[in-house]
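Asker: Here it is, the structure, as structure tokens.
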Amino acid sequence: MLSSAAGGEGGRGGEPVVTDTLAAASAPAKKRLLTRSATVPHSMTMPTSVSVEVCARVKPMLDADEKNTDSPQLVDFESSAADGVLYIGKVEGGAANRTQSIPGYKSVILPDQSQAQAYAHVVPRLQYSFLNGYNCTLFVYGQTGSGKTHTLFGPPNCFTYTAVGSSDQVPESWGMFPRCAMDLLAVLRTDSPTAVLNISVVEIYQNICYDLLNDKKAVPVAGFGKGAKSTTMNLETLLTNRRDKDGKWVCPYKNGKWNTEGATGDYEASGQKVVQLRGLDDILRVAATIDSSRSSKSHKMNLRSSRSHCVITLTIGVSGSSTACQPSTAKFLLVDLAGSERIAKSGVTGMQEAEARNVNSSLSALGRCVQAVARREKFIPFRDSVLTMLMKQSLGGNCHTTLIVTVCEDPDQLPETISSLGFGRTCSTVTNRADNNANFIKDRPAEVRRLKEGLC
């Protein structure tokens, strides 16, 4: 069963706290509305300061990986009133003999848990926040082959009409992204019929942003330039993608500062294609496009190793010229990070080795930013990579952020498991602010008046 630190009943030796959203995960899609429970009301008031929530998902050992089926489990979890503690190592004889403990985890998704159970345990609260005007981020971190892409998307070739069949139920194999999109559409149809759900998808390959919904065309990232330590983005890519609404070229820098005209703002990819999601068919096509277009290779440790980071952005708009509701400026980011990789274990050479080193470099940049934010340092090196720039708001900014750390049960991967869980522990000490975007925009005129009065 799911172990949860949030519920006093969860954890070892007790039954988990399972809300009605868990049962809804297997209901027909047309009835899969988010249940507005008493614990997470639809119009709840969010705290202004929130910590990054971290949970772990343990990948079961496959038949080909099993060395000793009688070996004790590698990862164990004990919940408490606050954060839970993960215990790591092949040990017997109780907690006193465990090799290492890592605090700061809200929950752990055990190897026998289904995709629907994992989804219901993590995503609903983020959905509620997003629907109420808050920025949200769900990102998945772990070593190569630990189940990150499986968690967020699903197994290979699951986005086909054959897999869906004639039933209106969500396939059991689907991961968190398609399930999340289905639930958001269901809520919007019920509560705001004029609202629409929009999506854009980019991959970060070799530190360059590519639009996966527009023939993998390179897109610029506003603010990315002189301050970045490593980049292969050339000048032609930067200049040819900066156009205003009339198609006129816009100078990237003006008066020594970055010119935001023709861009969506600092630290964002600009110019990528935005697609409207209307139903299951649209979700299926987008997910299948991501699955087939994203850069991936096969090596000793993973038959489907992502060689790029994938960033999905969901936003809510208004259809046509309707004035029944106002478009939300909130964004929901779902980030599937490429896996950290030890080249000596994966055995990659040539181009694959260069890809692995680039991935490891960007993940190191992410780790430096997380540590700097956790220590509340004055300077945060977000501009060290495109990945950290796109995740700036998610780490110490205006956002509700949840991290899933994926690890393997295989005892041979113990050093990588400890390293990944240590990253999650550091992330749990990061504090974000949570501002409702609608209120933030609405209060701007009042803030301007207050500042003007102070000058008088």
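Asker: For region 115-126, check the following and say yes or no: at least one residue is open to solvent by 10 Å² or more (accessible area, probe 1.4 Å), in contact (Cβ under 8 Å) with a residue 40 or more places away in the chain, closer than 23 Å to ARG294 by Cα and not hydrophobic (A, V, I, L, M, F, W, C).
Answerer: Yes.
Asker: Looking at region 363-392 only, could you name the residues that are of a type in the set (Gly, Ala, Ser) and open to solvent by less than 10 Å² (accessible area, probe 1.4 Å)? Reasoning before the result, please.
Answerer: Step one: of region 363-392, the residues of a type in the set (Gly, Ala, Ser) are 364-365, 367, 372, 374, 385.
Result: ALA365, ALA372, SER385.
Asker: Against the definition (crowded, with 18+ Cβ neighbours inside 10 Å, among the small types (Gly, Ala, Ser) and modelled with pLDDT under 90), how does GLY104 come out, yes or no? Don't jump to the end; show me each part of the working.
Answerer: Values: crowded, with 18+ Cβ neighbours inside 10 Å: yes; among the small types (Gly, Ala, Ser): yes; modelled with pLDDT under 90: yes.
The answer is yes for GLY104.
Asker: Tell me whether region 166-181 contains one or more residues that are among the small types (Gly, Ala, Ser), touching a Gly at 6+ places or on another chain (Cβ under 9 Å) and closer than 19 Å to VAL123 by Cβ. Outline the logic, then answer.
Answerer: Initially, region 166-181 is screened for residues among the small types (Gly, Ala, Ser), giving 166-167, 173, 175, 181.
So of that shortlist, the ones also touching a Gly at 6+ places or on another chain (Cβ under 9 Å) come out as 173, 175.
In the following step, the residues that additionally are closer than 19 Å to VAL123 by Cβ were identified as 173, 175.
Within region 166-181 (the criterion being among the small types (Gly, Ala, Ser), touching a Gly at 6+ places or on another chain (Cβ under 9 Å) and closer than 19 Å to VAL123 by Cβ), the answer is yes, since at least one residue qualifies.
Asker: Same structure, new question: For region 99-166, please list each of the helices (runs of 4 or more DSSP H) lying entirely inside it that holds at least 1 residues being within 22 Å of VAL407 (Cα to Cα). Give the steps one after another, and end with the answer.
Answerer: Values: elements: 115-131, 148-152, 161-164.
The helices (runs of 4 or more DSSP H) meeting that bar are 115-131, 148-152.
Asker: Out of everything in region 130-152 that is open to solvent by 10 Å² or more (accessible area, probe 1.4 Å) and touching a Phe, Trp or Tyr at 6+ places or on another chain (Cβ under 8 Å), what residue ends up being farthest from GLY347 (Cα to Cα)?
Answerer: ASN135
Asker: For region 167-182, which positions are of a type outside the set (Phe, Trp, Tyr) and outside any helix (DSSP H, G or I)? Can you show your working first?
Answerer: Within region 167-182, the subset of a type outside the set (Phe, Trp, Tyr) is 167-173, 175-176, 178-182.
Residues satisfying the conditions are SER167, ASP168, GLN169, VAL170, PRO171, GLU172, SER173, GLY175.
Asker: Moving on. For MET176, which of the numbered conditions (1) at pLDDT 85 or above; (2) over 28 Å from ILE404 (Cα atoms) fails to hold?
Answerer: (2)
Asker: Right, here's the next one. For the list (1) over 17 Å from the mean Cα position of the chain (by Cα); (2) at pLDDT 75 or above, I need the number of the one condition that THR313 fails.
Answerer: (1)
Asker: Same structure again: Out of curiosity, is LYS331 more than 13 Å from ILE204 (Cβ to Cβ), open to solvent by 40 Å² or more (accessible area, probe 1.4 Å) and under 14 Å from the mean Cα position of the chain (by Cα)? Spell out how you get there, then give the answer.
Answerer: Numbers: more than 13 Å from ILE204 (Cβ to Cβ): yes; open to solvent by 40 Å² or more (accessible area, probe 1.4 Å): yes; under 14 Å from the mean Cα position of the chain (by Cα): yes.
Judged against the criteria, LYS331 is a match.
Asker: Restricting attention to region 220-237, does a residue exist that is among the hydrophobic types (A, V, I, L, M, F, W, C), under 30 Å from ARG278 (Cβ atoms) and modelled with pLDDT under 90?
Answerer: Of all residues in region 220-237, those among the hydrophobic types (A, V, I, L, M, F, W, C) come to 221-222, 224, 228, 233, 235.
Now drop any that are not under 30 Å from ARG278 (Cβ atoms), which leaves 221-222.
Restricting the remaining residues to those that are modelled with pLDDT under 90 gives 221-222.
Yes; the residues of region 220-237 include at least one that is among the hydrophobic types (A, V, I, L, M, F, W, C), under 30 Å from ARG278 (Cβ atoms) and modelled with pLDDT under 90.
Asker: For residues in region 256-267 being open to solvent by 50 Å² or more (accessible area, probe 1.4 Å) and not hydroxyl-bearing (Ser, Thr, Tyr), which is modelled with the lowest pLDDT? Can you show your working first?
Answerer: To start, the set of residues in region 256-267 that are open to solvent by 50 Å² or more (accessible area, probe 1.4 Å) comprises 256-257, 260-261, 264, 266-267.
Those left that are additionally not hydroxyl-bearing (Ser, Thr, Tyr): 256-257, 261, 266.
Details: GLY256: 49, LYS257: 49, GLU261: 50, ASP266: 44.
Filtering region 256-267 for residues that are open to solvent by 50 Å² or more (accessible area, probe 1.4 Å) and not hydroxyl-bearing (Ser, Thr, Tyr), the one modelled with the lowest pLDDT comes out as ASP266.
Asker: Taking GLY165 as meeting all but one of (1) farther than 27 Å from SER420 by Cα; (2) touching a residue at least 24 places away in the same chain (Cβ under 8 Å), write down the number of the exception.
Answerer: Going through the list (1) farther than 27 Å from SER420 by Cα; (2) touching a residue at least 24 places away in the same chain (Cβ under 8 Å), GLY165 breaks only (2).
Asker: Is it the case that some residue within region 421-442 is modelled with pLDDT of 80 or more, of a type in the set (Lys, Arg) and under 26 Å from GLN115 (Cα atoms)?
Answerer: Quick first cut of region 421-442, residues modelled with pLDDT of 80 or more only: 421-436.
Checking which are of a type in the set (Lys, Arg) leaves us with 425, 433.
Add one more test, that the residue is under 26 Å from GLN115 (Cα atoms), and what stays is 425.
Yes, there is a match, as at least one residue in region 421-442 is modelled with pLDDT of 80 or more, of a type in the set (Lys, Arg) and under 26 Å from GLN115 (Cα atoms).
Asker: Right, another one. If ALA186 satisfies every condition in (1) part of a helix (DSSP H, G or I); (2) of a type outside the set (Ser, Thr, Tyr); (3) crowded, with 16+ Cβ neighbours inside 10 Å; (4) modelled with pLDDT under 70 but one, which is the exception?
Answerer: Looking at each condition in turn, ALA186 falls short on (4).
The values are calculated or read from the model by the stated rules, or taken from the named source; none is laboratory data. Values in this document were obtained by computation on a predicted structure and should not be read as measured data. When we count neighbours, we look across all protein chains shown, and the Cβ atoms used for this are built from the backbone with ideal geometry, even at glycine. To get the accessible areas, we keep the full protein, side chains included, count just its heavy atoms, and leave off ligands, DNA and RNA. Shrake-Rupley method; radii C 1.70, N 1.55, O 1.52, S 1.80 Å.
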